[in-house]
Every structure is written in structure tokens, then in C-alpha cells.
Amino acid sequence: MNRRQFVAGASAGLLCAALPLAAAPPTARRVCAFEKPFHFLSDSDLAATMAMLGFSGIEATVRSGGRVLPRNVEDDLPRFQDELRKRGVEITIIATDINSADQSRAELVLRTAAKLGIHRYRMQWYRYDTRKPILPQLDIIAAKLPPLVDLTRQLGMTAIYQNHCGPDMVGAPIWDIHRLIKDFDTRTIGFGFDIHHATVEGGLSWPIQFKLVESHLAAVYVKDFVWDKGKVKDAPLGDGQVDPKFFQLLRQTGFSGPLCLHVEYVEGRKNEDALENAFAKDLATLRSWIGT
């Protein structure tokens, strides 16, 4: 069933039969979808698609170039949330441009989200200037965090820093972000552990890096990749280098926060059926790995 068939069925009086797709088992409820590949869909069509696929939550882009632009957040975020709620879908995380409290509209975005009951936001990453010494740059970043953490605490939210791979990415080695956030309350700022990027950068050592930050987990990001002539190429979950054993380690921690599924190998396409099939396949693989 695709989204158009799902909507047609609902309008014909089959909505009650369709909604259990979003009423997944408790563990599956933790899985949310990054909605970026579906930016070409309207809010209502996206909501129907997520419900049809069985997601109970999404990671919504509330940033420059995102579904909700920061300058329109007070009007567009509540309207988007209303469309999702009609289908039984929540906004689990918002993906933002925010990594400093003094950024333009940073407080407006976070206050608007908090008023709507959205409790998690993904931060924008930091970058190194590789021409300069590394440790002094970490000191500069460290000075930016207390005001942002204070604002986050006041609003009852949790900031999430996701590790990315790359030659200048703060957090690619993971040890640097651990150094920056380890002394803060984990309910206010935590780590968004991305097993794809950790595997790219850590190779065989990703279990050590995971062990380092497991006490500070706020979210887990899930996607896969293959090596293609020395370059990272996104791939369907289960077809690449990500080790399913990661999810055994994750279960042992008792982590109950969100798992966010990113399906990046289809980004840029506007073929709705292809996108739905890719998300459905990866969600099925993930559920088999986490045991739901």
C-alpha cells in the first residue's frame, strides 16, 4: 500500500483499520523517521505517509532550507504538528541550525517547540579549522555551551549532538564531544550516536567509542554505507558496513530514547513510491535487529 492508497482508504471509512500501523509495539514506538527526503510532500501528505509506513514519530527539519523555516516557526510548526497528530504521528526531535544561544531566532525556535511539547532538538555541528591547533578550538566551543545548556534546561528540553564523519567535523572522533558535554546533566544535553558515522571513522573501534558515550545517550541515529573506491556511499540498511551487533550492545544499556532512521541513499529523489519502499525496507530491517 502506498500513501495515496492509504489516504483513499481512510477517506472511504477505513481509517480505524489503518491507524494500528502507527500503534506499533512499545520498542518500535522509539523509531522515528528523518523527514528530509519527503520535503516535496505537503504536511498532510507527509503525515499520511509516516502513518502508512508505521512510524509514530519523525525528526522534523526546523532550520534554513527545512520544512519549517526559523522565521516562520511560530505559525508553521504548530500547523505541521496538527497535521501529524491527525495521523497519530508526533514530532520526536527537531533538527536545527542551533549550536549557540546567541544565534538569531535560536531562542524563538526552542521556545516555540517547548510550548508544543517537543522536548528534543538536534544541534548544528561544529567544524574545526584544520590550519589551526585543535585543543584551543575546543576551548572556544566549550565556552559557547553553558549559555545554550542553560536555555535548554529552562525550557525543559534536551540538546542532542550527533557525530558526523569528515576531516574537519567536531565529533567525528567522538572523544572531543565527550570532553565537551561529559560534565553537563545528560537530561539537558546528550549524544546522538550515529552508528554509520562512528563506523566510518572508528572502523573496528566503534564499540569503544560507543562505550565511552553510552551513559550520555540522548538518541541513536541509524543508517548504512559501503566503501566505494575510498569514498563513503550511503546504502540500504543491512547492505553495508554497519554491524547489527551494535543493537545488542544498545539493548544491554537499557536505552529507552528514540532511534532515528535516516534513509539518505534516496535523498534528492522525488519518486514517492521509491522513497516509501526504501523507508519500509529499512524500517523492517531495523525492527528485525531491535527485536520488534
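The values are calculated or read from the model by the stated rules, or taken from the named source; none is laboratory data. Only a predicted model underlies this, so the values are computations on that prediction, with no experimental measurement involved. Cβ atoms come from the backbone with ideal geometry, glycine included; neighbour counts cover every protein chain shown.
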> Can you tell me which residue in the stretch 273-282 is surrounded by the most Cβ atoms within 10 Å (Cβ to Cβ), limited to those that are in contact (Cβ under 8 Å) with a residue 24 or more places away in the chain and more than 18 Å from F225 (Cβ to Cβ)?
Replying inline: L275
> From L148, L180, which residue is in contact with a Leu (Cβ under 7 Å, 6 or more places away or on another chain), touching a residue at least 40 places away in the same chain (Cβ under 8 Å), assigned to a helix (DSSP H, G or I) and surrounded by 19 or more Cβ atoms within 10 Å (Cβ to Cβ)?
Replying inline: L180
> For residues in the stretch 189-213 being β-branched (V, I, T) and touching a strand residue (DSSP E or B) at 6+ places or on another chain (Cβ under 6 Å), which is nearest to K231 (Cα to Cα)?
Replying inline: V200
> Which number in (1) out of contact with any Cys (no Cβ under 9 Å at 6 or more places or on another chain); (2) surrounded by 13 or more Cβ atoms within 10 Å (Cβ to Cβ) marks the one condition that H197 misses?
Replying inline: (1)
>> Suppose we keep only residues that are assigned to a helix (DSSP H, G or I) and within 20 Å of P258 (Cβ to Cβ) within the stretch 113-145. Which one would you say is farthest from the chain's Cα centre (by Cα)?
In response: A114
> Hey, L204 hits all of (1) in contact with a helix residue (DSSP H, G or I) (Cβ under 9 Å, 6 or more places away or on another chain); (2) in a helix (DSSP H, G or I); (3) within 18 Å of H164 (Cα to Cα) but one; which does it fall short on?
Replying inline: (1)
> When you look at A23, is it surrounded by fewer than 19 Cβ atoms within 10 Å (Cβ to Cβ) and modelled with pLDDT under 95, yes or no?
Replying inline: yes
> Which condition number does K223 fail, the rest of (1) in contact with a Ser or Thr (Cβ under 7 Å, 6 or more places away or on another chain); (2) buried (at least 22 other Cβ atoms within 10 Å of the Cβ) being met?
Replying inline: (1)
> Quick one: A219 ticks every box in (1) within 26 Å of V109 (Cα to Cα); (2) among the aliphatic types (A, V, I, L, M); (3) over 17 Å from the mean Cα position of the chain (by Cα) bar one, so which box is it?
Replying inline: (3)
